[in-house]
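Step one of this worksheet: look at the structure below.
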Amino acid sequence: MEPLIHLEKLHKYYYPGAEVVKALQDIDISIFKNEYVALMGASGSGKSTLMNILGALDTPTAGHYFLNGNDVSQLNDDELALIRNREIGFVFQTFNLLSRSTALENVMLPLVYSGMPKEERINRATTALTKVQLSDRMSHRPSELSGGQRQRVAVARALVNNPSLLLADEPTGNLDTATSIEIMGLFDELHRQGNTIIVITHEEDIANYAHRTIRLVDGKVQSDQRKFEM
């Protein structure tokens, strides 16, 4: 079985001055379709750098990143933007919603860039909002929604293009405990529906929802453990 994601001898270096910062070193990881992975590490471990590469927001200094068989590490900025829009759904801790737009309009936004007809955009966005149990809040603006509901809108927006990968960066970082449990329950349900999910977190209780945990220390993979055999 071909992996959805394959990182091969991946390195990322920064050159802020005379010194070299080795953010990632010799990373070899394969992630398969419908896996639910937590990417863990303390501040400075390299997890944010790795997330940016997985999300096609950055490219490695050396090595390869294959997503669905495409070598993303060799793409230019325009090609990376295309991959991001087609293949990757992002969920951020700050929600990143447009305050003057309704939930439906926020979810439709990625489809506007792809030139999809309006009627189809509305249908796709409605389906995505129904998936996250917000069909009764589609005409509400973010200020009229709770924190958990806003994050559900953000998840719906991430799902609307039917991406290969759902990438969630500290998705409960701005939520209280009860709402965090609710959102992680939503990720469980999305995983059961067949979505491939990577959650970036520094919290053990959030990582425990995932079926596999990859821990980074000083830019290297320290451990990679699955709860269940594939």
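The values are calculated or read from the model by the stated rules, or taken from the named source; none is laboratory data. Given the structure is predicted, the values throughout are model-derived calculations rather than measurements. A quick note on method: Cβ atoms are made from the backbone with ideal geometry, for glycine too, and the neighbour counts reach across all protein chains shown. For the accessible areas, the whole protein counts, side chains as well, though only heavy atoms, and no ligand, DNA or RNA atoms are used. Shrake-Rupley method; radii C 1.70, N 1.55, O 1.52, S 1.80 Å.
Values computed for the structure shown
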| read-out | value |
| --- | --- |
| Filter result (hydrophobic (A, V, I, L, M, F, W, C) and free of Cβ contacts under 8 Å to residues at least 40 places away in the same chain) within the stretch 176-217 | Ala178, Ile181, Ile183, Met184 |
| Matching residues, the stretch 145-170, being β-branched (Val, Ile, Thr) and outside any loop (DSSP other than H, G, I, E, B) | Val153, Val155 |
| Residues of the stretch 205-223 classified as exposed (fewer than 14 other Cβ atoms within 10 Å of the Cβ) and either hydrophobic (A, V, I, L, M, F, W, C) or farther than 19 Å from Val91 by Cα (or both), total | 2 |
| For Glu119: the one exception among (1) farther than 22 Å from Ala56 by Cβ; (2) of a type outside the set (A, V, I, L, M); (3) buried (at least 17 other Cβ atoms within 10 Å of the Cβ) | (3) |
| Hits in the stretch 199-229 - residues which are aliphatic (A, V, I, L, M), farther than 8 Å from Met40 by Cα and over 15 Å from the mean Cα position of the chain (by Cα) | Val217, Val221 |
| From the options Asn52, Asn68, Asn85, residue that is open to solvent by 10 Å² or more (accessible area, probe 1.4 Å) and closer than 23 Å to Ile183 by Cβ | Asn52 |
| One residue from Tyr15, Tyr65, Tyr36 being closer than 30 Å to Arg150 by Cα and not aliphatic (A, V, I, L, M) | Tyr36 |
| Test result for Gly46, closer than 19 Å to Ala207 by Cβ, in contact with a strand residue (DSSP E or B) (Cβ under 7 Å, 6 or more places away or on another chain) and among the small types (Gly, Ala, Ser) | yes |
| Residue within the stretch 125-146 that is at pLDDT below 95, in contact with a Pro (Cβ under 6 Å, 6 or more places away or on another chain) and under 27 Å from Phe32 (Cα atoms) present | no |
| Filter result for Ile206 (touching a Pro at 6+ places or on another chain (Cβ under 9 Å), in a helix (DSSP H, G or I) and not hydroxyl-bearing (Ser, Thr, Tyr)) | yes |
| Residue in the stretch 76-96 that is modelled with pLDDT of 95 or more, of a type in the set (Asp, Glu) and in a helix (DSSP H, G or I) present | no |
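Results for (1) surrounded by 15 or more Cβ atoms within 10 Å (Cβ to Cβ); (2) out of contact with any Gly (no Cβ under 7 Å at 6 or more places or on another chain); (3) under 21 Å from Leu67 (Cβ atoms), shown as yes or no for each residue.
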| site | (1), (2), (3) |
| --- | --- |
| Phe90 | yes, no, yes |
| Leu98 | no, yes, no |
| Tyr113 | no, yes, yes |
| Thr130 | no, yes, no |
| Ser139 | no, yes, no |
| Gln151 | yes, yes, no |
| Val155 | yes, yes, yes |
| Leu159 | yes, no, yes |
